[in-house]
Amino acid sequence: MGGGARPTMMRYLLRRTAILIASLAVASVLIFAVIEIVPGDPATTMLGINARPDTVAALREELGLGRSAPVRYLDWVGGMLRGDFGTSYTYRTPVAGMIADRLWVSLPLALIALALSTAIAFPAGIYAAARRGRAGDAGVTLATQAGIAVPNFWFAMILVLVFSINLGWFGAGGFPGWGAGPWPALKALVLPAVALALPQAAILTRVMRSALIETLGEDYIRTARAKGLTRGQAIRRHALRNALIPVLTILGLQFAFLLAGGIIIEQVFYLPGLGRLIFQAISARDLIVVESVVMLLVFAVILVNFLVDLAYAAVDPRLRAR
Amino acid sequence: MSGLAVEGLCVEGPAGPILQDVSFAVGPGEIVALTGESGSGKSMTALSLMRLLPEGLQQKAGRVTLGGTDLGALTERQMCRVRGARIGMVFQEPMTALNPVQTIGAQVTETLRLHAGVRRDEAEAKARDMLARVGLPEERFPLTRYPHELSGGQRQRVVIALAICQRPEVLIADEPTTALDVTTQAQILDLLRALVAEFGMGLILITHDLAVVAGMADRLVVMKDGGVVEQGATAEVLRTPREGYTRALLAASSHRPAAPPARQGTPLLQVRDVVRTYPGARAGLFGARRPVTAVDGVSLTIGQGERVGLVGESGCGKSTLTRAILGLEPVQAGSIALDGQPVEAVRGRIQVVFQDPYGSFNPRHRVRRLVSEPFHLLPRRPGTREGAARVAEALEAVGLRASDSGRYIHEFSGGQRQRIAMARALILRPDLIVLDEAVSALDVSVRARILDLLSDLSARLGLAYLFISHDLAVVRGVTERVLVMKAGRIVEEGATEAVFAAPRHPYTAELIAAAPVLPDWTAREESA
Amino acid sequence: MRGGRFIAGAVLFGLFAGLALLSFLWTPHSVEAMDIPAKLQGPSAAHWLGTDHFGRDILSMVMVGARTSIAVAIVAVGIGMGFGVPLGLAAAAYAGGWIDEIIMRGNDLAFAFPALVIAILITAVFGPSAVNAILAIGIFNIPVFARITRGGALPLWRREFILAARVAGKGRARISAEHILPNIAALLIVQGTIQFSLGILAEAALSYVGLGAQPPVPSWGRMLADAQTLVALAPHVALIPGFAIVLTVLGLNLLGDGLRDALDPRLRVVRA
């Protein structure tokens, strides 16, 4: 593409990077404040009010609560930058290792679901927009209305009922791990990914459809038709790329929902991902683990938004020039 | 036969007929103008020739033949091979007519590759030639440029290039210069005229502007309400129109309201050395913002009851200056005073009428509330009865009825809305009214009546006007004194007739030369 | 067809809203009355929709659950609108200024905290409860309404009738209230129905994972959590609350679409 590396493009990248870093800084302060400052004494929160004073004191010592909040915050952030997420109070193991294990379940799940929902939504949205107002469009619209209304965890339960219990095609839950080769692991992720992806696909289809319909009303589509392009060619060559700009925004937001939705779906399928880790940590009041996992989730969302910003620049030359 | 012929074209929409029995022809190398006011069906005629009518509209009768081919008999796929190859089309709005995410090269080569099936490098070579032909030489405008990097006039050249690169038999240009500044308009019209001669193609020029028609077209088709009123050789139709409607259109186009007596009042508005800058883009990531100067040391005076024009092209700073005079924008230097007091303190004495009759009113309020909005400026709001009386007085002053005050804005036409805007401007009995392109969006017949109203109000109420417009003919017709603005500065000022007759600044001369004029057929010979 | 969608939506949502209201006065059985011998029964004359694993009447629980869901969603939308709309109006009124910059950056940041993450944070510190679920969903709604309000208001600020109001000496706050807000009301109402339906879904999800309403308050999400291990034995226990959620949300969405078509088909709402 012409005129790529201009100073303006550099400025756009630098500005986005600065926003990325600032967002991470503010988010980490917020999380730290909510977990370690708002409740008063974290050690008491973790052990409960009936804990013996000497146990509390020992934990305070272990967490280094004697130091001031800013020092503890910097310590926490500095540790994370080095890959040290602290030590779990309940499991007595480094949190970083626990997260790494769980990430190998949650991340593939979110990515498969994202790919699946995109693979469904793009063709469906394009089809509906191209046949706007006709039977095919009405059918897609009806399906998306239903899809949006279905809670993904309930849909997951129905999938288990039909495909695991009645048909026996898949296991009802659990995860064999990647050690036994990719296939058993992938098979265990199929139903969860479908459950996550379909409601998201319904949303994305609607966005794709309306973005494309809006683009099809633009003047340059008329110009393209006046050049002699067929309706289909005008959609493929001119409308799609322009329609992609609003779709990218939603795609970025969806990743956050897929990560969060994954946490819930993991409960349905008993998958050992970040979701189960965080709920175990909540019931054990293991604030160290909660704090780190939440920070990781927020980091992922902010990072994806950053990537979406970069994708905008790839799609839209006007942004590169700004 | 060669060229394009339209016979008995009828188009119907859901609410009734759109086009009725439209017939005309355009031969090779001929320029035929379709003209008429909004809603006359001239754009719909173009779209139905291309068979690109909006959904819901259908051709009911008629034949369109292009070089012996009956276009109505072609399949959609065959028609696609006609569009862009044998008929090209240029649209009104160059800012949105090009795909913003594709380079201009890609958009021109697309036409070439689609129809001629040539290889990419051949197509690119040809696209370069074609862009150079329309005035965008390779050195300054490589194929890798994006539309947003070009000005409106340059974009319109790209649209023309991609419409003519297959050397079509007929080119349809739908208001191709309406969105452009007057100097750019002249250049684009010259280009079109030269291309018609060079390629021997027929040009269907759709325009509402009879002055443009007079300077361009061999033949003229006057349309009204979806039908053809009259057609013939341009000079003949304009010199001796047969139909009453054509006569009325012609009269309205060159209408000059009766001038109120000139007043030599004391200075009312005094603008001294006003500078308005905006923070611009940063130089580098942390560099300082380089300020952009929109208004650069402007001084002007308007006397009591004086009618002053301000002309200039888009981006010259006239809108910014207007807002500063209205007290809506801070200025970095200089002073703006009315009767010696800063404008912020006497806002009620300066009121304004904007361009867009559709966007100037809150659609949720009744006329009563819209017109009385400036009461907010009074230290004490008038009581219900007094307020109603003043609204009625203002409405009657602009030729509406007092009973209109209970209606909503969507019940009024564009011309009536500009009257309501005038009533809103009058309600505080101001000394000065700023007319910001106030008649630019109106059809000529409506515009003529609004200009009469303005002239009448000035005579009766002793109002001073600041008349801001890009339309030199209108400014010449209604003002006593004129200011010419360019790049934030006033480059020339003087009595209107003197400036138009003998401009001193080259930019003024350029503007006047570029503006199309409707010739006075009784006295002049046809000029190229 | 258009009006049909609105009516279908109004009937569906009206049905569940009516059931929720009725539950204050009357339910077929008490939702706390356990009857272990009668557990996991299918639909019958005594229990129209059957019983759960404690022998409680499912219809009664669905009715009271509707109350929980709708109450949570109403308050959450109220929080979102109450804070988000003024923030969005302020951002648009001072577009490009530092107020706008702060609000929009804060807004971007807030999108990094989905409702579930907020709920996890709150629960980790204060323990689970329905109030925390409301807070989590409500906080999440604030940036949504701020963004949609700003997006709707910005183009209006460039319209000439706003300039006319400024010429009439009106300040930005007054113009926001008098001219901007009424002209984006349709947009806010439609977005409100969308957030309402998302609120019901979010409440169900939070209750399902135990971060929402706590026993013994019945809620649809918890009914599903309880039913999960029983799916094979008594599918109706899992199906019925799910259908209640789907139908309520579907009704709200149809209502929103119908409203949009009736008010202004060109409204740009966000759905995420």
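Looking only at the stretch B:338-361, residues that are at the interface with chain C (Cβ under 7 Å from one of its Cβ atoms), touching a residue at least 12 places away in the same chain (Cβ under 8 Å) and over 30 Å from B:Gly303 (Cβ atoms) come to 1 in all.
Filtered by the rule that a residue be within 15 Å of A:Leu287 (Cβ to Cβ) and basic (Lys, Arg), the stretch A:52-82 gives A:Arg60, A:Arg72. Selection over the stretch B:151-183 of residues that are under 20 Å from the mean Cα position of the chain (by Cα) and among the hydrophobic types (A, V, I, L, M, F, W, C) gives a count of 7.
If the condition is being within 9 Å of chain C (Cβ to nearest Cβ) and not in a helix (DSSP H, G or I), then the stretch A:12-59 contributes A:Val38, A:Pro39. Checked against the criterion of being at the interface with chain C (Cβ under 9 Å from one of its Cβ atoms) and free of Cβ contacts under 8 Å to residues at least 24 places away in the same chain, the candidates A:Ala149, A:Ala135, A:Ala180 yield just one match: A:Ala149. Against the conditions (1) closer than 29 Å to B:Leu195 by Cα; (2) touching a residue at least 24 places away in the same chain (Cβ under 8 Å); (3) not acidic (Asp, Glu), B:Gly56 satisfies every one except (1).
When the stretch B:89-104 is examined, which residues are found to be more than 7 Å from every other protein chain (Cβ to nearest Cβ), buried (at least 24 other Cβ atoms within 10 Å of the Cβ) and at pLDDT 90 or above? Within the stretch B:89-104, B:Val90, B:Ile104 meet the criteria. Would you call C:Glu101 more than 30 Å from B:Ala438 (Cα to Cα) and more than 7 Å from every other protein chain (Cβ to nearest Cβ)? Considered against the rule, which asks whether it is more than 30 Å from B:Ala438 (Cα to Cα) and more than 7 Å from every other protein chain (Cβ to nearest Cβ), C:Glu101 comes out as yes. Restricting to the stretch B:145-165, name every residue that is closer than 22 Å to B:Ala116 by Cβ and within 11 Å of chain A (Cβ to nearest Cβ). Scanning the stretch B:145-165 gives B:Val158, B:Val159, B:Leu162, B:Ala163, B:Cys165. Scanning the stretch C:170-192 finds no residues that are buried (at least 19 other Cβ atoms within 10 Å of the Cβ), within 30 Å of A:Phe279 (Cα to Cα) and in contact with a helix residue (DSSP H, G or I) (Cβ under 7 Å, 6 or more places away or on another chain). Within the stretch A:198-223, residues that are away from chain B (no Cβ under 11 Å) have Cβ atoms under 9 Å from residues that are buried (at least 23 other Cβ atoms within 10 Å of the Cβ) and not in a helix (DSSP H, G or I) in these pairs: A:Pro199/A:Pro151, counting only partners at least 6 apart in sequence or on another chain. Within the stretch A:122-132, the set of residues being away from chain C (no Cβ under 14 Å) and part of a helix (DSSP H, G or I) comprises A:Phe122, A:Pro123, A:Ala124, A:Ile126, A:Tyr127, A:Ala128, A:Ala129, A:Ala130. Exactly one residue out of C:Gly55, C:Gly42 is out of contact with any Cys (no Cβ under 9 Å at 6 or more places or on another chain), closer than 21 Å to C:Val246 by Cβ and of a type in the set (Gly, Ala, Ser): that is C:Gly42.
Return yes when C:Ile134 is farther than 24 Å from A:Thr249 by Cα and assigned to a helix (DSSP H, G or I) and no when it is not.
Taking the combined requirement at face value, the residue satisfies it.
Under the condition of being acidic (Asp, Glu) and either more than 13 Å from C:Leu89 (Cα to Cα) or in contact with a Phe, Trp or Tyr (Cβ under 9 Å, 6 or more places away or on another chain) (or both), the residues counted in the stretch C:170-197 number 0.
Determine, yes or no, whether C:Ile245 is at the interface with another protein chain (Cβ under 9 Å from one of its Cβ atoms) and touching a residue at least 24 places away in the same chain (Cβ under 8 Å). Criteria met by C:Ile245. Counting only helices (runs of 4 or more DSSP H) that sit completely within the stretch C:1-111, those holding 3 or more residues that are of a type in the set (S, T, N, Q) correspond to C:58-93. Quick test of your reading of the structure: B:Ala498 fulfils all but one of (1) part of a helix (DSSP H, G or I); (2) crowded, with 19+ Cβ neighbours inside 10 Å; (3) without any contact (Cβ under 8 Å) to a residue 60 or more places away in the chain. Name the failing condition by number. Against the list (1) part of a helix (DSSP H, G or I); (2) crowded, with 19+ Cβ neighbours inside 10 Å; (3) without any contact (Cβ under 8 Å) to a residue 60 or more places away in the chain, B:Ala498 comes up short only on (2). Of the residues making up the stretch B:207-218, just one is of a type in the set (D, E, K, R) and farther than 20 Å from B:Met44 by Cβ, namely B:Asp218. From the list C:Ile200, C:Ile122, the lone residue that is surrounded by fewer than 24 Cβ atoms within 10 Å (Cβ to Cβ) and either closer than 30 Å to A:Val160 by Cα or hydrophobic (A, V, I, L, M, F, W, C) (or both) is C:Ile122.
Taking the criterion of being at the interface with chain C (Cβ under 10 Å from one of its Cβ atoms) and touching an Asp or Glu at 6+ places or on another chain (Cβ under 9 Å), the residues of the stretch A:242-278 that qualify are A:Pro246, A:Gly252, A:Gly275. Scan the stretch C:155-172 and give yes if some residue there is of a type in the set (Asp, Glu), at the interface with chain B (Cβ under 10 Å from one of its Cβ atoms) and assigned to a helix (DSSP H, G or I), otherwise no. Yes: one or more hits.
Filtering B:Arg366, B:Arg307 for residues that are surrounded by fewer than 22 Cβ atoms within 10 Å (Cβ to Cβ) and touching a residue at least 12 places away in the same chain (Cβ under 8 Å) leaves a single hit, B:Arg366.
B:Arg239: without any contact (Cβ under 8 Å) to a residue 12 or more places away in the chain and exposed (fewer than 14 other Cβ atoms within 10 Å of the Cβ), yes or no? Judged against the criteria, B:Arg239 is not a match.
Return a yes/no flag: does the stretch B:326-341 have any residue that is closer than 20 Å to B:His470 by Cα and either at pLDDT below 90 or among the aromatic types (Phe, Trp, Tyr) (or both). Explain how you work it out, then say what you get.
Residues of the stretch B:326-341 that are closer than 20 Å to B:His470 by Cα, as a first pass: B:326.
Among the residues that remain, those that are also either at pLDDT below 90 or among the aromatic types (Phe, Trp, Tyr) (or both) are: none.
No: zero hits.
Remark: pairs (first residue in the stretch B:206-227, closer than 11 Å to B:Val22 by Cβ; second residue in a helix (DSSP H, G or I); Cβ separation under 8 Å; 6+ apart in sequence or on different chains) = B:Met223/B:Lys42; B:Met223/B:Thr45; B:Gly226/B:Met44.
Residues being within 9 Å of chain A (Cβ to nearest Cβ), on the phi < 0 side of the Ramachandran plot and surrounded by fewer than 24 Cβ atoms within 10 Å (Cβ to Cβ): count how many of those fall in the stretch C:204-237. Total meeting the criteria: 5. Which members of the stretch A:190-211 meet the condition of being surrounded by fewer than 24 Cβ atoms within 10 Å (Cβ to Cβ), closer than 29 Å to B:Val159 by Cβ and of a type outside the set (Ser, Thr, Tyr)? Selection gives A:Ala211 alone. Taking each residue of the stretch C:173-187 that is touching a residue at least 60 places away in the same chain (Cβ under 8 Å) and looking for partners that are acidic (Asp, Glu) and surrounded by fewer than 19 Cβ atoms within 10 Å (Cβ to Cβ) with beta-carbon atoms closer than 7 Å, six or more apart or interchain, yields C:Ala186/C:Asp264.
The values are calculated or read from the model by the stated rules, or taken from the named source; none is laboratory data. What you see is a predicted model, and the numbers here were worked out from it, not measured in a lab. Using ideal geometry, Cβ is built from the backbone for each residue, glycine included, and neighbour counts are taken over all protein chains shown.
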